[in-house]
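Below: one structure, written as structure tokens.
The values are calculated or read from the model by the stated rules, or taken from the named source; none is laboratory data. What you are looking at is a predicted structure, and each value in this text was computed from that prediction instead of being measured. Using ideal geometry, Cβ is built from the backbone for each residue, glycine included, and neighbour counts are taken over all protein chains shown. Just the protein is used for accessible areas: all its heavy atoms, side chains included, with ligands, DNA and RNA removed. Shrake-Rupley method; radii C 1.70, N 1.55, O 1.52, S 1.80 Å.
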Number of protein chains: 2
Amino acid sequence: MLRRKLFNSIDLFYGIRNIQRLSSGRFLTYKLKHTLVVNKREIDNEKEIKNSQDINAFTYRTHTCGELRPMHNGKSVTLCGWVQYQRMSKFLLLRDSYGVTQCIVNNNQINFNDVPLESIVKINGTVSLRPTNMINSKMSTGKIEVVIDKLEVLNVADKVPFNLRVHQKPKEQLRMQHRYLDIRFPDMQNKLRTRSSMLHNMRKFLIETYGFVEVETPTLFCRTPGGAREFVVPTHYPGLFYSLVQSPQQFKQMLMAGGVDRYFQVARCYRDETTRPDRQPEFTQLDIEISFTNLDHIIKMIDQLLYETFTKPLPNPPFKRITYTEAIENYGTDKPDISYDLRFKNVSHLFNNNDEAILSAFVLPYPAELGKLSSKYKDKIKELKQKNNVRVILNENVSKELSNDMKCQIQSIVGENKAFILALGDKEKVCTCLGEIRQQIAVLLQSKELIEINKDIEPLWIVDFPLFTEGDNGLETCHHPFTAPHPEDFHMLDSEPLKVRALAYDIVMNGNEIGGGSVRVHNADLQEKLLRMLNIDASKLMHFINALRSGCPPHAGIALGIDRLITIACDADSIRDVIAFPKSHEGKDPLSGAPNVITEDDKKYYHINIVK
Amino acid sequence: MLRRKLFNSIDLFYGIRNIQRLSSGRFLTYKLKHTLVVNKREIDNEKEIKNSQDINAFTYRTHTCGELRPMHNGKSVTLCGWVQYQRMSKFLLLRDSYGVTQCIVNNNQINFNDVPLESIVKINGTVSLRPTNMINSKMSTGKIEVVIDKLEVLNVADKVPFNLRVHQKPKEQLRMQHRYLDIRFPDMQNKLRTRSSMLHNMRKFLIETYGFVEVETPTLFCRTPGGAREFVVPTHYPGLFYSLVQSPQQFKQMLMAGGVDRYFQVARCYRDETTRPDRQPEFTQLDIEISFTNLDHIIKMIDQLLYETFTKPLPNPPFKRITYTEAIENYGTDKPDISYDLRFKNVSHLFNNNDEAILSAFVLPYPAELGKLSSKYKDKIKELKQKNNVRVILNENVSKELSNDMKCQIQSIVGENKAFILALGDKEKVCTCLGEIRQQIAVLLQSKELIEINKDIEPLWIVDFPLFTEGDNGLETCHHPFTAPHPEDFHMLDSEPLKVRALAYDIVMNGNEIGGGSVRVHNADLQEKLLRMLNIDASKLMHFINALRSGCPPHAGIALGIDRLITIACDADSIRDVIAFPKSHEGKDPLSGAPNVITEDDKKYYHINIVK
């Protein structure tokens, strides 16, 4: 009974969610050996886990707390770790990031009664088999225990602000304030270790299989025209500032001009977007660029890279590819969640008497079993309708608002047993609005089990983005000013620039954009023309234009958002869960309280004054 | 004759220095296959270079310009690259970062007369064997040529500011201004590729062999008390700033408290030290930390890491280890160059009548064959003597300034056939001064071939540093405030703090400090005591102290300066040569001119004013 109780705490600690989370990992060769996860096969396996890594080298422990098995019976071992639990001066559960080992005392010489939980101890002891009826099959070390010969308290812990029990996880704010405690949770350990191993496998793919060169580029640089707000860094030259790069874009293109024809970098990037939720002021991207390549090559490479390094099963490449127009006309967004099958139908032709579609009309068909929408959902849809300034007709109002003939025509298009929501107005607004309604309806359908959700991850490429969009002050770029126009649309660059497609591509996973890139402009004259069209002062980019003019190969590239990618790979709730020390929503560091005031000496040195 | 001339340019391009530079690489498995270097064995080898990497994947070339061999005879190939040289509309040397291939035209349809050098072309052609008398044995592709079927100019180059001829390398300033051109030089390509492969091999060592986890830590953080000046980054909160981290020190220690017991990171660090030569405002360090370890374990790990990943042969580990006191008393510096054997002798006992040595006296013995020092060297020594405020007696003045008896006693200590320089005064100043003189004398001895220089690199550990030094405002730390005192000296912490040794260690290569670290304080009370002794406000470090108090394992770590390490690995002249886009001495970016002025909008957003 005593032992039973002890094991309950272990079961709580090693939550079932973690087991599922990793069992499907395909390329986690380095990670899986040392995860915290209790792997079921492992438990049934009498053999020692054969570690390819010498995880105890350069330490004074002989084994981790997740390593001992019946084959170690009789062995003298040294374990180090945290006091996870202790009871009646007899049992001590010792934890490290590899598992938990039960240690026991057989004499009265050793007393750990007064050692607080989470203290650090070093135990010399002898491995012993547990009696058969005491075996814990849910614990990887559950067939053995360590009889303590010597116990040394290396560091006493004060009372900790929260206990490390998986099912009593504290609120995020408290976790963040004591992140050094929070990352002791097995799921946090798994996430950090998954991140490390996935990035390492990406590097191996790029360097060892395909001969890429990792090049570190500066983060202290000049402002890049257009794009997000960049942090500025004062220098001791009065009035002169660096900008923290928002991406290595200019550098990687200059590397192409410089003959580093297969470049990548796991790059730290900075954007001052603290006002947007789920954004971090600094983030990591896998930045890739290749010379003498094209759109199809890049897409093929990323397909292969993700297929081989992602920790969850992905469909066989090539991954699905749709155009931007298809994405908008079917899902109302350029990052559609295609894990459920809900698509629009274009019924504009029913509302326009001639070929020129002035009025756009799209319907979102859905299973009629859903019945009437609750007023909560109607309110949401009303909100979206007003926001987007389009006319929306709910299924229940169709008879009221449409002629019977029109209703029949639409019904024949969406099919029997389908209800539908109709939106009318400007095409872009209609689709955007219907896309937002689609997400609401999907949640509703899912809660009533009227729609099938594909739990597997299906990456989706979006291609053929427009090159430009219409901004308040003229043309704006959809991707960035270095994106090449589609050669088929080149003739419209002057006449109808908004119709010109870009050689740009995004990759989306379950409704999240996880990467994007483009074929770049390699011709200096074309680059200058595009900058002029975008009203960007080319004089700030002369070093870059000169690089294009110095003999620059055609090139293309992509950047993958590592924080988001790992979030999906780990089934994490937020990118903050896959970042060791994230900032809060407001861009504040929950540990140190940064940002902070600076000294008068700093202000003097950097020639700045604060304006309140 | 025509062909002869052509090849001269290749010989110039692929300088002999590069061949030597890489031939000794031990672990360059990924790099060597694709370097620019003409490897002699390769040239004699009829076989195709067996590439483990698919270097042409995801491109529209079929081969690189360094890849074709007689076995490809008759094959249709597509090559892409830079026009390195062309002559008489017949011969075109096509270059990429893997080599040079000679392409020829056999008809008048193809004309590349007007294509400027450094333009980018794509060539479809057929591999053909060269006539025996036309074989160039110095060129890896020297047995074949490519008969051009189709030539496409992909990007025309403007006149470039300098030619890519190794023996006409332009001045550094011009190279930096056009870095995208400069990195086309084979030696620059080699350096960037060596850097990538050495870092990859370090990651493999740490992750695959020893189970380390790479964790990315923030660079936007709070100021760390003590240490170098940190850049500040204004936020849109009035008066609040981030600091750019000078190292991940606090984070890695919090990771130890968090159970990430084997951490590393290739970390970007920032120091505002633009006024010091050969420093970059941002730099890279390999940052490592381990729990449950000690000084010997860390040293052993780094020995092994360097032995297995450094591109030049190193002696078998363990590498030499001396104490700080030995370093000072023998070489007058804590980063001695031991590639030549010149050491001091302590002769203080000759000048002190009792046991307590008030006056320190050290001699630097050197081969008497050197004879009298020139006035140039005497002036230098005079300068050093005055700077350090010590008495220095040159060999030629010994008879004049010392008694005959004293002279004989010293001569018997330094040995026959040795001249010597004597320095008298405060011990630290005497040794520092004599250490600087040692470097001067070594240059002189080397120029006259009177001293043997060990060309092999011999790493050297310096241990037993003092924990504190005396500063203007009391005690200062020698390493950083988180360094553990030597347990044997613990009793002197209050009574004689300056005598307390630290558990700190530096590693030196040929007179350059390439890394340093320490066993850290893991006890919160001791940490607070040390902060008090150092007059550092602990309230700014409460998150850190709390981490120590939450159950933090004993831990130790190190950081290696990657820029300097790669500089030595590549025999480069400066760290700027192993950084893709370095800043100038003044911290300015030679390409973009950064730092720059910022906009009024930025000033408003960040609530700052410039004080001129």
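Among the residues of the stretch B:480-491, those identified as without any contact (Cβ under 8 Å) to a residue 60 or more places away in the chain and open to solvent by 30 Å² or more (accessible area, probe 1.4 Å) are B:487, B:488, B:490, B:491. Considering every residue within the stretch B:215-222, establish whether at least one is within 20 Å of residue B:595 (Cα to Cα) and either at the interface with chain A (Cβ under 9 Å from one of its Cβ atoms) or of a type in the set (Val, Ile, Thr) (or both). Yes, the stretch B:215-222 contains a residue that is within 20 Å of residue B:595 (Cα to Cα) and either at the interface with chain A (Cβ under 9 Å from one of its Cβ atoms) or of a type in the set (Val, Ile, Thr) (or both). Of all residues in the stretch A:517-564, those satisfying the criterion of being without any contact (Cβ under 8 Å) to a residue 60 or more places away in the chain and among the basic types (Lys, Arg) are A:529, A:532, A:549, A:564. Considering the conditions (1) within 18 Å of residue B:245 (Cα to Cα); (2) outside any loop (DSSP other than H, G, I, E, B); (3) among the hydrophobic types (A, V, I, L, M, F, W, C), residue A:591 is excluded by exactly one of them, (2). Of the listed requirements (1) open to solvent by 40 Å² or more (accessible area, probe 1.4 Å); (2) modelled with pLDDT of 95 or more; (3) of a type outside the set (Lys, Arg), residue A:63 misses just one: (1). Selection of strands (runs of 3 or more DSSP E) fully inside the stretch B:80-178 by the criterion of at least 1 residues being among the aliphatic types (A, V, I, L, M) and surrounded by fewer than 22 Cβ atoms within 10 Å (Cβ to Cβ) returns B:99-104, B:120-129, B:144-155.
Checked against (1) open to solvent by 20 Å² or more (accessible area, probe 1.4 Å); (2) modelled with pLDDT of 95 or more, residue A:363 passes all but condition (1). When the stretch B:520-558 is filtered for residues that are aliphatic (A, V, I, L, M), more than 27 Å from residue A:177 (Cβ to Cβ) and open to solvent by 20 Å² or more (accessible area, probe 1.4 Å), only B:533 remains.
Test residue A:513 against the criterion of being open to solvent by 10 Å² or more (accessible area, probe 1.4 Å), closer than 29 Å to residue A:304 by Cβ, assigned to a strand (DSSP E or B) and not assigned by TED's automatic domain parsing to the domain that holds residue A:350, and give yes or no. Spelling it out, residue A:513 is indeed open to solvent by 10 Å² or more (accessible area, probe 1.4 Å), closer than 29 Å to residue A:304 by Cβ, assigned to a strand (DSSP E or B) and not assigned by TED's automatic domain parsing to the domain that holds residue A:350.
Being over 28 Å from residue A:358 (Cβ atoms), without any contact (Cβ under 8 Å) to a residue 40 or more places away in the chain and not aromatic (Phe, Trp, Tyr) is a property that holds for residue A:416.
Checked against the criteria, residue B:292 does not count as open to solvent by 10 Å² or more (accessible area, probe 1.4 Å), assigned by TED's automatic domain parsing to the domain that holds residue B:466 and of a type in the set (A, V, I, L, M, F, W, C).
Quick grid of which residues meet (1) among the hydroxyl-bearing types (Ser, Thr, Tyr); (2) in the same structural domain as residue A:249 (by TED's automatic domain parsing); (3) at positive phi:
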{"site": "A:518", "(1), (2), (3)": "yes, yes, no"}
{"site": "A:539", "(1), (2), (3)": "yes, yes, no"}
{"site": "A:542", "(1), (2), (3)": "no, yes, no"}
{"site": "A:568", "(1), (2), (3)": "no, yes, no"}
{"site": "A:594", "(1), (2), (3)": "no, no, no"}
{"site": "A:597", "(1), (2), (3)": "no, no, no"}
{"site": "A:602", "(1), (2), (3)": "no, no, no"}
{"site": "A:609", "(1), (2), (3)": "no, no, no"}
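Residue count for the stretch A:523-551 satisfying the condition of being over 33 Å from the mean Cα position of the chain (by Cα) and not in a helix (DSSP H, G or I): 5. Listed conditions (1) touching a residue at least 24 places away in the same chain (Cβ under 8 Å); (2) more than 7 Å from every other protein chain (Cβ to nearest Cβ); (3) charged (D, E, K, R) are all met by residue A:268, apart from (2). The criterion of being without any contact (Cβ under 8 Å) to a residue 40 or more places away in the chain, under 37 Å from the mean Cα position of the chain (by Cα), within 20 Å of residue B:441 (Cβ to Cβ) and part of a helix (DSSP H, G or I) does not hold for residue B:387. Filtering the stretch A:578-602 to residues that are open to solvent by 10 Å² or more (accessible area, probe 1.4 Å) and either more than 8 Å from every other protein chain (Cβ to nearest Cβ) or among the hydroxyl-bearing types (Ser, Thr, Tyr) (or both) leaves A:584, A:585, A:586, A:588, A:590, A:592, A:599, A:600, A:601.
Applying the criterion of at least 1 residues that are surrounded by fewer than 13 Cβ atoms within 10 Å (Cβ to Cβ) and either assigned by TED's automatic domain parsing to the domain that holds residue B:302 or not aliphatic (A, V, I, L, M) (or both) to the strands (runs of 3 or more DSSP E) found wholly in the stretch B:396-479 leaves B:468-471, B:474-477. Taking the stretch A:201-214 as the range and being in contact with a strand residue (DSSP E or B) (Cβ under 9 Å, 6 or more places away or on another chain) and facing chain B (nearest Cβ under 7 Å) as the test, the residues that pass are A:203, A:207, A:210, A:211, A:213, A:214. Among the residues of the stretch A:181-223, the one identified as hydroxyl-bearing (Ser, Thr, Tyr) and free of Cβ contacts under 8 Å to residues at least 40 places away in the same chain is A:209. Just so you know, in the stretch B:234-252 the residues that are within 8 Å of chain A (Cβ to nearest Cβ) and assigned to a loop (DSSP other than H, G, I, E, B) include one that is surrounded by the fewest Cβ atoms within 10 Å (Cβ to Cβ), and it is B:238. Scanning the stretch A:96-129 for residues that are more than 26 Å from residue B:550 (Cβ to Cβ) and in contact with a Pro (Cβ under 9 Å, 6 or more places away or on another chain) turns up A:127, A:129. Please tell me if residue A:284 is among the polar types (S, T, N, Q), crowded, with 19+ Cβ neighbours inside 10 Å, under 17 Å from the mean Cα position of the chain (by Cα) and more than 14 Å from chain B (Cβ to nearest Cβ). Taking the combined requirement at face value, the residue does not satisfy it. Total residues in the stretch B:504-535 satisfying the condition of being over 28 Å from residue B:340 (Cα atoms), among the aliphatic types (A, V, I, L, M) and more than 14 Å from every other protein chain (Cβ to nearest Cβ): the figure is 4.
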